[in-house]
Amino acid sequence: MTDDATYLDLHVHSSDGSDDAGGTVEGYLKWVAARRAHGMRFDGFVVTEHRHFDLDRDYSALAARYDAVVLRGVEVETDIGHVLVFGVTPAFLDRFDLTSVSLPYDEVFRVAWETGGVAVGAHGGRPRIGCVEHVDERGVTLEGVTVVEALNGGSNDYENGRAFDLVEARGLRAVGGSDAHFVSALGSCLTRFDRVIRTTDDLVAALRDPEARYEPMYLEDTKDGAERRPRPSGAPVALPSSSGQGSLGGDALEYDRTVIGREVKVGEFEVTRELIASFCAALDEQNPLYTDEAFAAQGPYGGIVAPPGIAQAVRMGPAPNPQVKFGNNGMMAGQRFEYYLPARPGDLIEGFAQVKAVYEKTGRSGRMVFVERRTRYANQHGEDVAAVETTSVQRETKPLDDGGSA
Amino acid sequence: MTGDRAILAGDPRAAQRAFEDVAVGDRFEVPWQPTHAQVVAWVKLTGMFADDRRVFDLEAARAGGLDRPIVPGPISVIMLERLVADWMGPLGRIQSLTVSYRRAVLHDDRLRCIALVIDVHGDGDYEGTPEGAVSLDVSLENERGEQPVLGTAVVVMPRRD
């Protein structure tokens, strides 16, 4: 570093604690090093997992290997949207069930402060899960709120502009964070502090100090000589119709807990040349390893193999169903594919499925319930060929001709 | 491996990228506009989503709060896998792919399938990945600049020698 300023990304999720994140902490640290090599100022980041804080986890040794700062906080979900808490203590954790998706915001901000930490309104301009909408539509007073994340890497310019408008209108302070879930998003937005920040105590002290100087900015603008971009405007843009349709609260989640972790066979299929050809034809796949016998015979597998996604080309029987009693609309939220061996013509593939978990959280569209399933695919030799983990989400939506358009 | 590459070297379809040719920050992309016909062909082949009218019926999609029918997530994944597989060459292998569906991909969206190399694991001891592994962030980006699908892939690529 060439001065006492510190550039920190205050809002990062990792695969260590956020179900929807693919970035690892070490992967993020390597990305910090790569950004520095491109002339950007980037000192570190704060891991703020969703609804989860492990008091025993410590990244300091790993961070030291990369000459970077890695601190920890948590992102909780309240009745005015998501909130970042820095300086999380056992006393704070004793007061709240972090898995709740509608914690009372005024309590979260007050208890965070009283227990030596500080809370920050996350992605302030987002529908449902940012505080701006709750101020505009419900007249929320923002009791105890002093800092809002106005520059968020997962929000669009309109949403960030709305957050800046609120900050300026209410005399609040603004910070920036990437909200990264994957490595390449890290640091896209961050916060520049006019002081050295090396520990969580340093960070909390700065955010609690009304005289401290800090500001949100874009990582690209940290390069020497870079021209600072103006803060995003609040000019409206067309939001997807799916935004802002559901509410944040509701009844306790009901589902059948007996199916969790119980693996059952859901079907089998034979990999045939015809199946592979049909799969490739449907999606215009032209890789000769899948389509050209002569070419594939000389390739690494000695013959045609199936594309990795072939297991998804065959409909299996229904997976165990936890019978979640929530929502009127479902879709996929995420998938993880693991490929161990190629599937070849003649292979008989069996599928075994289980429900791994059921949980809830909130997003732009309101309250959501997630179901995680894992399907393991094994060949006739008992070898695992692939595994697919699928997370589906159920939410409440309104028809577009019934006021559902955002 | 060396023999395989020698055999394949004469075939223009066998353009093979070596691990040594990859660097953090390498970025590549292809355009993709999913069509109604493409979705219907995939649903007919697999039988998946066949009873979900939101994937091919406009009225059903609108009743579910969407502007147009949905492209099933697995099709987006297949396109991202193809992007990476074509970039690697036939001797590369996808070890894992994790994706997060952040927003719906809709029929006729004008998308970019994007991949960015975020790490190369030459020492073979990083997070259980084998020697020659490369990590990439992958994403779909729509006309609004939103990323409806985000993910990360780990691939294994051959070395040159």
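The values are calculated or read from the model by the stated rules, or taken from the named source; none is laboratory data. Please read these numbers as outputs of a predicted model, since none were measured by experiment. When we count neighbours, we look across all protein chains shown, and the Cβ atoms used for this are built from the backbone with ideal geometry, even at glycine.
Quick notes
- Number of the condition not met by residue A:142 [criteria: (1) touching a helix residue (DSSP H, G or I) at 6+ places or on another chain (Cβ under 6 Å); (2) outside any helix (DSSP H, G or I); (3) not basic (Lys, Arg)]: (1)
- Residue within segment A:22-38 that is within 20 Å of residue A:363 (Cβ to Cβ) and touching a residue at least 40 places away in the same chain (Cβ under 8 Å) present: yes
- Residue within segment B:22-36 that is β-branched (Val, Ile, Thr), at the interface with chain A (Cβ under 8 Å from one of its Cβ atoms) and in a helix (DSSP H, G or I) present: no
- Residues located in segment B:49-73, provided they are assigned to a helix (DSSP H, G or I), surrounded by fewer than 22 Cβ atoms within 10 Å (Cβ to Cβ) and at the interface with chain A (Cβ under 7 Å from one of its Cβ atoms): B:62, B:63
- Every residue from segment A:137-180 that is within 16 Å of residue A:364 (Cα to Cα) and within 14 Å of another protein chain (Cβ to nearest Cβ): A:152, A:153, A:154, A:155, A:156, A:157, A:158, A:159, A:160, A:179
- Top-ranked residue in segment B:140-161 [being out of contact with any Lys or Arg (no Cβ under 8 Å at 6 or more places or on another chain) and facing chain A (nearest Cβ under 8 Å); ranked as surrounded by the fewest Cβ atoms within 10 Å (Cβ to Cβ)]: B:145
- Residues that are of a type in the set (A, V, I, L, M) and either assigned to a helix (DSSP H, G or I) or more than 7 Å from chain A (Cβ to nearest Cβ) (or both), drawn from segment B:74-91: B:75, B:77, B:78, B:79, B:80, B:83, B:84, B:85, B:88
- Only one of the numbered conditions (1) crowded, with 19+ Cβ neighbours inside 10 Å; (2) more than 25 Å from residue B:105 (Cα to Cα) is not met by residue A:364, and that is (2).
- One residue stands out in segment A:102-136 among those that are among the aliphatic types (A, V, I, L, M) and in a strand (DSSP E or B): the one that is farthest from residue A:361 (Cα to Cα), namely A:118.
- Taken across segment A:319-333, residues that are closer than 24 Å to residue B:44 by Cβ and in a loop (DSSP other than H, G, I, E, B) do occur, with at least one present.
This table checks each residue for (1) at pLDDT below 95; (2) polar (S, T, N, Q); (3) touching a helix residue (DSSP H, G or I) at 6+ places or on another chain (Cβ under 6 Å).
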residue	(1), (2), (3)
A:332	yes, no, yes
A:336	yes, no, no
A:342	yes, no, no
A:365	yes, yes, no
A:369	yes, no, no
A:391	yes, yes, no
A:399	yes, no, yes
A:402	yes, no, no
A:405	yes, yes, no
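- Count of segment A:298-312 residues which are more than 7 Å from chain B (Cβ to nearest Cβ) and either assigned to a helix (DSSP H, G or I) or among the charged types (D, E, K, R) (or both): 2
- Filtered by the rule that a residue be more than 8 Å from chain B (Cβ to nearest Cβ) and modelled with pLDDT under 85, segment A:313-330 gives A:316, A:317, A:318, A:319, A:325, A:326, A:327, A:328, A:330.
- Among the residues listed as A:99, A:78, the single one being in contact with a strand residue (DSSP E or B) (Cβ under 9 Å, 6 or more places away or on another chain), in a loop (DSSP other than H, G, I, E, B) and in the same structural domain as residue A:149 (by TED's automatic domain parsing): A:99
- Residue-level check: of (1) touching a helix residue (DSSP H, G or I) at 6+ places or on another chain (Cβ under 7 Å); (2) under 21 Å from residue A:182 (Cβ atoms); (3) surrounded by fewer than 22 Cβ atoms within 10 Å (Cβ to Cβ), residue B:43 misses just (2).
- Residue B:86 being on the phi > 0 side of the Ramachandran plot and among the charged types (D, E, K, R): no
- Some residue of segment B:85-100 being in contact (Cβ under 8 Å) with a residue 24 or more places away in the chain and of a type in the set (Phe, Trp, Tyr): yes
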